[in-house]
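**Q** The structure's right below; bear with me while I get my questions together.
Since every read-out is calculated from the coordinates, none of them should be taken as a lab result. Given the structure is predicted, the values throughout are model-derived calculations rather than measurements. Please note: Cβ atoms are built from the backbone with ideal geometry, for glycine as well, and neighbour counts cover all protein chains shown.
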Amino acid sequence: MRLVLSLAGAAMLVSTTLAWAHEPVDAVAKSPPSEPYQQVSKLVKLPDFIPGLGQLFVDPKTLPAGPFLAYDHDGNLVSTIYMIPVADLNPNKTFDDLGSAGGTVVDHVDIYYNAGHPGVEVPHAHFILWHVSPDEEARVAE
């Protein structure tokens, strides 16, 4: 099941107050992003480009939640992704101040369940903060 939040819902979910969100936009706007981000496919057994998500980079110290930075085939940032374990989605844990990469504008947010994959093996939810319009998501479709 896929849940798409409105821009108003995204505004309530997303805040750019984290220190990493205040990196210069040019440090994350093009692939590869600046350190400490590393290409996910070099850290775990995943393809270099994942259809529907793009080419992913993450600071290994932030696993499993991320943020993951996702790029299209031309190396342009298209989304910031959080992968939150389902076990952590409970009344005892909060995720405050989820920010977008470099403080980039969030167009819309998608949230969906994933049963697990290399790097985040446990069931988790993908929170995708898209920096492009829904029509432009096709840039990472294949």
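**Q** Which of the lysines could a cross-linker bridge to LYS42, judged by Cα under 19 Å and excluding same-chain residues fewer than eight apart?
**A** Within the straight-line cut-off, LYS42 pairs with LYS30, LYS61.
**Q** Further question on the same structure: Using the beta-carbon distance between GLN39 and ALA125 and R0 = 30 Å, what value does 1/(1 + (r/R0)^6) give for FRET efficiency, to the nearest 0.05?
**A** On the way: r = 23 Å, r/R0 = 0.77.
After rounding to 0.05, the efficiency reads 0.85.
**Q** Something else about it: At a 10 Å Cβ-Cβ cut-off, how would you order ASP107, ASP96, ASP26, fewest neighbours first?
**A** Result, fewest neighbours first: ASP96, ASP26, ASP107.
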